[in-house]
Amino acid sequence: MKTHRTIRPRADADEYAPFYAGYVERVPDGDVVATLAGSAPAMSELLEGISEETAERGYAPGKWSLKEVVQHCADAERVFQYRALRFARGDRTELPGFEEDAYTPASRADERTLATLLDELASVRAATISLFEGLPDDTWTNRGRASGVEMTVRGLAWITAGHLLHHVDVVRERYLDS
C-alpha cells in the first residue's frame, strides 16, 4: 500500500475542542501518522508481565481497572476514527459525543484477558494508521462538528495520537508506580 509521506503540521487550537488540548500537546512535532505507528506498542510494552489480578484493579477505589483503561483506549480510538472518516468524506452531519463512563461497565473488560484487550487495541491502532495513511492530503483540513465543537480531520489525528500517550502516562504514573 502506498503511504503518504506528507508531514502534517500540528493541528491548530481551532481544529479541536479545548478539552483535547492536553492530548495534542503530548504529541511530538513531526509526522503524526509516524507517531501513531511508533506509539502503537506502547501500552502492550508497558503492561508486559502484568498479572490478570493486577490488571483487574484500579489505582484507587472507583477508578477504572487496567483492563478497562485498555478497553477505553480502543473504544475512544474507534470513535475518533469514525469522526475522521466522516469528516474526510465530506459528511457535514453533526455527530454526538460519547459517554465514556457508560461504555466502561458495558464493555465488561474485566471478563476478558489482558492479552485479548491488548490485541484489540493493537488491531484498532493498525486500522487507525491505515485510515490516516490512506486519506488524501486535501481532506485533512475538512471540518465537521462532534460533541458540539468544530474539528478537522487533522485535529482528530493529533487527538488520537495524544489520547493513547496520555493513558500510557496515566498507567505508568498511577497504576505501576504505586
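Name every residue in segment 69-120 that is farther than 22 Å from residue 155 by Cα and of a type in the set (Lys, Arg), in order of residue number. Of everything in segment 69-120, those that are farther than 22 Å from residue 155 by Cα and of a type in the set (Lys, Arg) turn out to be 108, 112. Every condition in (1) in a helix (DSSP H, G or I); (2) open to solvent by 20 Å² or more (accessible area, probe 1.4 Å); (3) touching a helix residue (DSSP H, G or I) at 6+ places or on another chain (Cβ under 6 Å) holds for residue 127 except the one numbered (3). Residue 20 meets all of the listed conditions (1) under 14 Å from the mean Cα position of the chain (by Cα); (2) open to solvent by less than 30 Å² (accessible area, probe 1.4 Å); (3) under 27 Å from residue 116 (Cα atoms) but one, namely (3). Taken over segment 130-163, residues that are in a helix (DSSP H, G or I), in contact with a Leu (Cβ under 8 Å, 6 or more places away or on another chain) and either open to solvent by less than 10 Å² (accessible area, probe 1.4 Å) or among the β-branched types (Val, Ile, Thr) (or both) amount to 5. For segment 34-48, taking the residues that are under 13 Å from the mean Cα position of the chain (by Cα) and of a type in the set (Gly, Ala, Ser), the one that is most open to solvent (accessible area, probe 1.4 Å) is identified as 37.
Could you check segment 84-112 and list, in sequence order, the residues that are over 18 Å from the mean Cα position of the chain (by Cα) and either at pLDDT 95 or above or open to solvent by less than 90 Å² (accessible area, probe 1.4 Å) (or both)?
89, 90, 91, 93, 94, 105, 106, 108, 110, 111, 112, listed by residue number.
The helices (runs of 4 or more DSSP H) falling completely within segment 12-60 that include 2 or more residues that are over 22 Å from residue 124 (Cβ atoms) map to 21-26, 52-55. Per the conditions (1) more than 16 Å from residue 164 (Cα to Cα); (2) in contact (Cβ under 8 Å) with a residue 60 or more places away in the chain; (3) in contact with a helix residue (DSSP H, G or I) (Cβ under 7 Å, 6 or more places away or on another chain); (4) not charged (D, E, K, R), the sole criterion not satisfied by residue 118 is (1).
The values are calculated or read from the model by the stated rules, or taken from the named source; none is laboratory data. Just so you know, these numbers come straight off a predicted model, no measurement behind them. Note that we place each Cβ from the backbone using ideal geometry, even for glycine, and neighbour counts take in every protein chain shown. For the accessible areas, the whole protein counts, side chains as well, though only heavy atoms, and no ligand, DNA or RNA atoms are used. Shrake-Rupley method; radii C 1.70, N 1.55, O 1.52, S 1.80 Å.
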